[in-house]
Amino acid sequence: MNKELSILRDSLITEAKSSPMLLSDLAGLEAYVSESYNSRSFIELLQNADDAKATKFYVKRSGDFLFVANNGRPFNIKDLESLCRSASSNKVRGTTIGYRGIGFKSVVSFAKEVHLISGDFEITFSKELSKQIVPQAPKVPLIRIPHELEKSVKDELADEIRKMQNEGFNTIFIFSGVLANQIDEEYTSFANTTLLFLNSIQVIKIHLTKKVTANIAVIELNERGRYLRVSTTEAISNWFVCSDSTCSIAFSMNKDKVERLPKSEAIIHAFLPTEDSCGLGVVVNGDFSTDPSRRHLIMDDTTIKVISNLTHLYASLLKYALANKDRNMVDALMPYFDWKLIQLMKQSFEKEFAIKIKNAFGKELSNVRLAPSWLNAEDFSKIMSASNLPYIAPECSDVPGLSDLLKFLGNKPEDVGALIVKADNAQISVLGCAQILTAGMKEALMNHRLPSLTTTALVMSNGGLCSLKEINDEEGEIDESFIKLMEDNGMSKNDISQFLKKIGLSNINDLLFDDEDDDLYDDDDKSDNPTSVSQWFNDASSSLKSVVNNEGVQKWRSAEENTLAALNANGFRLKDVSKQNLGFDLEGSDPNGKNIYIEVKSIDYVGQKFRMTNNEFAAAQYKPSNYCIALVFQNKDTLEISLIKDPINRLNLTRQVVQWVWECSDYEYKPMKFSI
């Protein structure tokens, strides 16, 4: 036996005999480590090989023996002592992947004996042999006392050992009495990202029930990072890995373009894969602290420091992607988590990432102008370019999650007043003009002052752009096609007419609308008009009538869906705008062609209180004669809809402090019934 090994062995045996109970405790610790590292022995052995600067890693089963070999630096006496003792690794954190010195103990879960041939050492770890030396110990650990490799074992395995050594494998572990099924499952199902962040290993070969080969190759290097190709028996994947001194971000590549990873695949690596998601569409790697199983991060000071470094790498990559209009890379960098809810989350990678992200960006993205939801990206881009203001290029502006991130960093959508002023210097499309004018009119109807709205050339008249003031002074007309464009963007003719009246542009209003904007529910409506909403509604009795069309009314539908279907089946032309947060659910025209806006309120019984939000109340204020509340009562046989016109003036609404809503409990209920 090697002299250094003999000295180490004698020392370990002396310790064991002097304290057999301590040896037994170490056996219990070894069993605990093995359970904690369950199904991780492959990862641990791969990690050890990488730390030894190996480029090749080889696994083969022959009968009851499992061979695991690498071509890295052979074992020295310090390595062997670290293997024998618990938590006494001579590795230095940050320079190697492993650093605790306990991972190798995981092998006791699937082997009865472990033999090691490396450099000058040929040894065996065996509980049976250790028990013979320290019989007074109740239990003995497997990996503690090194024994000389038995000649019979060496002779039996000589051919395999010689073959591996001839192929350059300097370190060979031989496991006897292995559990075949467990080994097959663990060693042939590793993730294709396993090789991404290793320092040295380039080739993995596994010869078990099925053969698996994995290769990693550097395809290209540039100033941003490395293009890697990972080839396995089953698939080929391409990656772009960007790194700094402490961490890395890897992008999945598909046909030379970045591809966002699903959340389940966007995992965190502590050089080797954990089971924690990073919450982004990429794979991240760093010298994170993990639990003993290496499956989950521990949020200690070291991990938090690495996360801080990672946010700076993330920020530089996102700024690069935005500057180069790389939509795919921007998309991959967007989070799966909600920035608004991050403070409610328990401590996690995502939460710490969000806390550090503002510092990482500094002020570089905090003054970016955001496009409002109602303006198309191309015209917003033209306006910002003409004003020399920072903005997100149209190619990236609609990437899901980007706007939320920029808002989290402190940015706000550009308001309509500023856009009206800036639009004067930009050659925007007719669509952009219609969108800005529509938004401006809505703001004005809500009593917001926009002095430049009437003097900026945003309106098409006789085929050219003019200001509203110019058209009014010259007694001109707004082109019908432009009005249609405004209607398509949420502005009704009645809204336009009310706006023109409000700011005193009577010439345009008279020429455009004449009497079209009469109130929908004027008190002097002719009662014999059979097609008016009032007459249609008042003629309905409380009983079912065959004249009522029930098309589309079904039990499983929501109150909004059934109301839309019932009214459209009876002369209305409505569309659902509930998701646009306009202050009403349905918008369109009544059977007379008059504009109507309907907010649907579902009630469980007649007389039940209903509430209007501030947004709904404001909408009802500037559309009083066209705004209706639809109280909807639905049971298993019928759907009842009671329309309440001009709720602001006709109902007794009380403002409640709770969530600042307007509440009503006193109303007239005259429903139209529809069978279900």
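The values are calculated or read from the model by the stated rules, or taken from the named source; none is laboratory data. For clarity, every value in this text was computed on a predicted model and none was experimentally measured. FYI the Cβ positions are ideal-geometry reconstructions off the backbone, even for glycines, and counts take in every protein chain you see. What goes into the accessible areas is simple: the full protein's heavy atoms, side chains included, and nothing from ligands, DNA or RNA. Shrake-Rupley method; radii C 1.70, N 1.55, O 1.52, S 1.80 Å.
General observations
- Residue check, T638 touching a residue at least 12 places away in the same chain (Cβ under 8 Å) and surrounded by fewer than 16 Cβ atoms within 10 Å (Cβ to Cβ): yes
- Residues in the range 372-392 that are modelled with pLDDT under 90 and of a type in the set (G, A, S) were compared, and the one that is surrounded by the fewest Cβ atoms within 10 Å (Cβ to Cβ) is S373.
- Residues that are open to solvent by less than 50 Å² (accessible area, probe 1.4 Å) and not aromatic (F, W, Y) within the range 559-577 comprise A559, N562, T563, L564, A565, A566, L567, A569, N570, G571, L574, V577, listed in sequence order.
- Hits in the range 411-444 (condition: of a type in the set (A, V, I, L, M), part of a helix (DSSP H, G or I) and buried (at least 20 other Cβ atoms within 10 Å of the Cβ)): V416, L419, I420, A423, A434, I436, L437, A439, M441
- Single residue of I648, I644, I596 found to be outside any loop (DSSP other than H, G, I, E, B) and touching a residue at least 40 places away in the same chain (Cβ under 8 Å): I596
- Taking the listed residues L333, L341, L322, the one that is within 15 Å of G401 (Cα to Cα), buried (at least 20 other Cβ atoms within 10 Å of the Cβ) and modelled with pLDDT under 95 is L322, with no other qualifying.
- Restricting L272, L280 to those that are buried (at least 18 other Cβ atoms within 10 Å of the Cβ), of a type outside the set (S, T, N, Q) and touching a Pro at 6+ places or on another chain (Cβ under 6 Å) reduces the list to L280.
- When L5, L46 are screened for being under 26 Å from G119 (Cα atoms), open to solvent by less than 10 Å² (accessible area, probe 1.4 Å) and touching a Pro at 6+ places or on another chain (Cβ under 8 Å), only L5 passes.
- Pair list, Cβ under 7 Å, 6 or more apart: the range 65-86 residue farther than 24 Å from L157 by Cα, other residue part of a strand (DSSP E or B) and of a type in the set (K, R): none
- The range 1-25, residues that are at pLDDT 90 or above and of a type in the set (A, V, I, L, M): L5, I7, L8, L12, I13, A16, M21, L22, L23
- Matching residues, the range 286-313, being among the aliphatic types (A, V, I, L, M), assigned to a loop (DSSP other than H, G, I, E, B) and in contact with a strand residue (DSSP E or B) (Cβ under 7 Å, 6 or more places away or on another chain): I298
- Of residues in the range 203-250 being touching a Lys or Arg at 6+ places or on another chain (Cβ under 7 Å) and part of a loop (DSSP other than H, G, I, E, B), the one least open to solvent (accessible area, probe 1.4 Å): L208
- Selected residue (criterion: nearest to T613 (Cα to Cα)) from residues of the range 565-593 that are at pLDDT 85 or above and assigned to a loop (DSSP other than H, G, I, E, B): G583
To keep it simple, each residue is scored yes or no on (1) more than 19 Å from N425 (Cβ to Cβ); (2) open to solvent by 10 Å² or more (accessible area, probe 1.4 Å); (3) over 41 Å from the mean Cα position of the chain (by Cα).
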| site | (1), (2), (3) |
| --- | --- |
| S467 | no, no, yes |
| N472 | yes, yes, yes |
| E480 | yes, yes, yes |
| I483 | yes, no, no |
| G490 | yes, yes, no |
| L500 | yes, no, yes |
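- Among helices (runs of 4 or more DSSP H) entirely within the range 358-410, having at least 1 residues that are free of Cβ contacts under 8 Å to residues at least 40 places away in the same chain and within 23 Å of N425 (Cβ to Cβ) singles out 377-386, 394-397.
- Considering the range 651-666, and only residues there that are in a loop (DSSP other than H, G, I, E, B) and crowded, with 18+ Cβ neighbours inside 10 Å, the residue that is modelled with the highest pLDDT turns out to be L651.
- Any hit, the range 608-615, residues being within 13 Å of Y597 (Cα to Cα), in contact with a Leu (Cβ under 9 Å, 6 or more places away or on another chain) and either open to solvent by less than 40 Å² (accessible area, probe 1.4 Å) or not aromatic (F, W, Y) (or both): no
- Subset of the range 398-437 [β-branched (V, I, T) and in contact with a Gly (Cβ under 8 Å, 6 or more places away or on another chain)]: V416, I420
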